[in-house]
1. So, His244, is that one surrounded by fewer than 18 Cβ atoms within 10 Å (Cβ to Cβ), not basic (Lys, Arg) and not in a helix (DSSP H, G or I) or not?
2. Looking at Asn164, Asn196 in this structure, which one is under 20 Å from Glu96 (Cα atoms), modelled with pLDDT under 95 and touching an Asp or Glu at 6+ places or on another chain (Cβ under 7 Å)?
3. Residues to consider are Arg189, Arg102, Arg175; find the one that is touching a Ser or Thr at 6+ places or on another chain (Cβ under 8 Å), touching a residue at least 24 places away in the same chain (Cβ under 8 Å) and among the charged types (D, E, K, R).
4. Which members of the range 200-218 meet the condition of being of a type outside the set (A, V, I, L, M, F, W, C) and in contact (Cβ under 8 Å) with a residue 60 or more places away in the chain?
5. Looking at this structure, is Ser73 in a helix (DSSP H, G or I), among the small types (Gly, Ala, Ser) and over 24 Å from the mean Cα position of the chain (by Cα)?
6. Which members of the range 132-166 meet the condition of being in contact with a strand residue (DSSP E or B) (Cβ under 7 Å, 6 or more places away or on another chain) and basic (Lys, Arg)?
7. Got a number for residues in the range 66-90 being within 11 Å of Gly25 (Cβ to Cβ) and free of Cβ contacts under 8 Å to residues at least 12 places away in the same chain?
8. Within the range 219-227, does at least one residue satisfy the condition of being surrounded by fewer than 16 Cβ atoms within 10 Å (Cβ to Cβ), without any contact (Cβ under 8 Å) to a residue 24 or more places away in the chain and either over 30 Å from Lys123 (Cβ atoms) or acidic (Asp, Glu) (or both)?
Amino acid sequence: MISLETFIRQAAKRMDAAGLHFGHGTDNALDEACWLASAALGLDPDFGPEAYAMLLDEDQLSRARAMLDARISSRKPLAYLLGEAWLAGLSFEVNESVLVPRSPLAELIIDGFEPWLSDEQLKRAADIGTGSGCLAIALAVHRQGVEIDALDISPEALVLARRNAARHGVSERVRCLESDLLTAVPGQRYDLILANPPYVPEDSMQTLPPEFLHEPRLGLVAGADGLDLVRRLLIDAPAHLSEHGILICEVGEAAEALEALIGKHCELVWIEFAHGGDGVFLLDRPACQAAARHLARKSSP
């Protein structure tokens, strides 16, 4: 028999040696090995230091090693192998029809949106590209009283989002709708629009680690500069924001391209996160209107 700590250290070493990528719930081999072990052995994901001394019998060791072998041989994100991912302190069912939850927007959901939007002002929200529903559901759980439209173009993703909403008891406040960005909600206005659209440039898709290639391409790639959907969203968003409403959108590596596109024409706020993550911008309604006017001029003949 070996201890849990020994297995975790051996597993992390094997993961690093295999060149695995960590970016789907963890950012290093040791944390991933802890997550894998907790799932294989039925431990709390946040198990305490006292658990490290626990001795694994042959059956436990066999289960943990089988999961480790599957992670290394398949190069699938661990969340897909487990059918579960965590965000904002909540567990979500996931499969390969949705991206693995990992957005830094979860930090804002937990901490609040001040100074841009007070809790009293936040009554209605939209989550664009909801996928598993993780952001919409986390918002409903952490911000009682908020009603959210969870929008996605993928019917398969929405099936999963509805299951996750029911799982957390927020189905009455999270409405899952099939929608290409905001097209399915004409006339609706929101105090908050959260968006995590596809933003990977075409060329970058060729260099992504294998783990990302198990995720739906529909949720990743967005044209030559990664902004195909963001352009459309910026033009449509002003008509869907309340007077005090804000748009918060993740664009990742397309941030530089977005700054070059609209940075001189509106006040872009780039949000800094305490727990890591970048490439997230915020626009209030006047700034969003300015961006929309600029993009409309560029697209006119």
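1. So His244 fits the description; yes.
2. Of Asn164, Asn196, the one residue that is under 20 Å from Glu96 (Cα atoms), modelled with pLDDT under 95 and touching an Asp or Glu at 6+ places or on another chain (Cβ under 7 Å) is Asn196.
3. Arg189
4. Pro209, Pro210, Glu211, His214, Glu215, Pro216
5. Yes: the conditions hold for Ser73.
6. Arg162, Arg163
7. So the count comes out to 0.
8. yes
The values are calculated or read from the model by the stated rules, or taken from the named source; none is laboratory data. Computed from a predicted structure; not experimentally measured. Cβ coordinates were reconstructed from backbone atoms using ideal geometry, including for glycine residues, and neighbour counts include every protein chain displayed.
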